[in-house]
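Colleague: Following this message is one structure expressed as structure tokens.
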């Protein structure tokens with residue numbers, strides 16, 4: 001498998017928005033910086049919602065221009081610079097493949113049925129089997145842009161995600177080591193057994209960065225209280241001795 005092509009979260013939002021707007025509102029494409037800011041921060045069809053500042057998006061655009069994924073284009077009679085993506089050329093993707101990547105970059109992991117419904121907004125009409133076949137072909141290609149996630153407990157259908165995240169970010173949700181040939185309607189496979197003992201029911205769930213910081217702060221306060229109480233006991237004993 002080829003080396004992972006990575007973009008940060010702002011760059012992914014910029015690329016996804018450029019693809020989406022190029023298909024959904026071609027009369028406005030290429031996009032001005034202001035239109036790109038509005039598209040990146042819109043509330044619909046975005047997960048997570050973001051509130052990016054213009055300077056953040058402009059910085060992402062400059063970085064993407066530097067590696068050839070975005071180009072500046074001028075419209076005749078307009079003094080405003082507009083921006084267009086070049087993912088179709090850089091990644092060798094057709095219209096349907098670009099629409100799928102855009103949805104994954106804009107909304108995160110999704111099932112085949114969700115992708116089928118959402119790419120229709122960009123004028124790409126495919127049935128579930130066609131979308132599934134495209135995803136699996138892409139995942140097996142020399143330069144895959146998608147990968148299949150392991151089905152989580154309680155999920156009926158597997159989800160797909162794009163591969164444009166750094167390895168540290170991608171590791172947050174485990175992917176299957178090999179893409180299955182089964183459709184994502186297939187029954188869930190049993191989880192692999194482990195030689196390690198099961199965790200205790202009272203074991204706390206893994207903490208996020210924010211939760212971990214709160215727990216550390218609470219422990220620090222508790223230690224300070226205990227030290228204060230201990231100092232008080234020591235002073236009482238000293239007075240008793242006197």
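Colleague: How many residues does the stretch 151-168 contain that are surrounded by 15 or more Cβ atoms within 10 Å (Cβ to Cβ), over 12 Å from residue 113 (Cα atoms) and modelled with pLDDT under 95?
Modeller: 2
Colleague: Tally time: how many residues in the stretch 128-156 are assigned to a loop (DSSP other than H, G, I, E, B) and touching a helix residue (DSSP H, G or I) at 6+ places or on another chain (Cβ under 7 Å)?
Modeller: The number of residues fulfilling the criteria is 2.
Colleague: Hey, any hits in the stretch 118-132 for a residue that's over 17 Å from the mean Cα position of the chain (by Cα), closer than 26 Å to residue 33 by Cβ and surrounded by fewer than 16 Cβ atoms within 10 Å (Cβ to Cβ)?
Modeller: Yes, there is a match, as at least one residue in the stretch 118-132 is over 17 Å from the mean Cα position of the chain (by Cα), closer than 26 Å to residue 33 by Cβ and surrounded by fewer than 16 Cβ atoms within 10 Å (Cβ to Cβ).
Colleague: Output the number of residues of the stretch 36-68 satisfying the condition of being in contact (Cβ under 8 Å) with a residue 24 or more places away in the chain and touching a strand residue (DSSP E or B) at 6+ places or on another chain (Cβ under 8 Å).
Modeller: Residues meeting the conditions: 3.
Colleague: How many of the residues making up the stretch 69-103 are under 22 Å from the mean Cα position of the chain (by Cα) and either within 22 Å of residue 6 (Cβ to Cβ) or touching a residue at least 60 places away in the same chain (Cβ under 8 Å) (or both)?
Modeller: Counting residues in the stretch 69-103 that are under 22 Å from the mean Cα position of the chain (by Cα) and either within 22 Å of residue 6 (Cβ to Cβ) or touching a residue at least 60 places away in the same chain (Cβ under 8 Å) (or both) gives 19.
Colleague: Out of 62, 73, 79, which single residue is modelled with pLDDT under 95, loosely packed, with under 14 Cβ neighbours inside 10 Å and not in a loop (DSSP other than H, G, I, E, B)?
Modeller: Going through 62, 73, 79 in turn, just one is modelled with pLDDT under 95, loosely packed, with under 14 Cβ neighbours inside 10 Å and not in a loop (DSSP other than H, G, I, E, B): 73.
The values are calculated or read from the model by the stated rules, or taken from the named source; none is laboratory data. Please read these numbers as outputs of a predicted model, since none were measured by experiment. Heads up, the Cβs are rebuilt from the backbone with ideal geometry, glycines too, and the neighbour counts pull from every protein chain shown.
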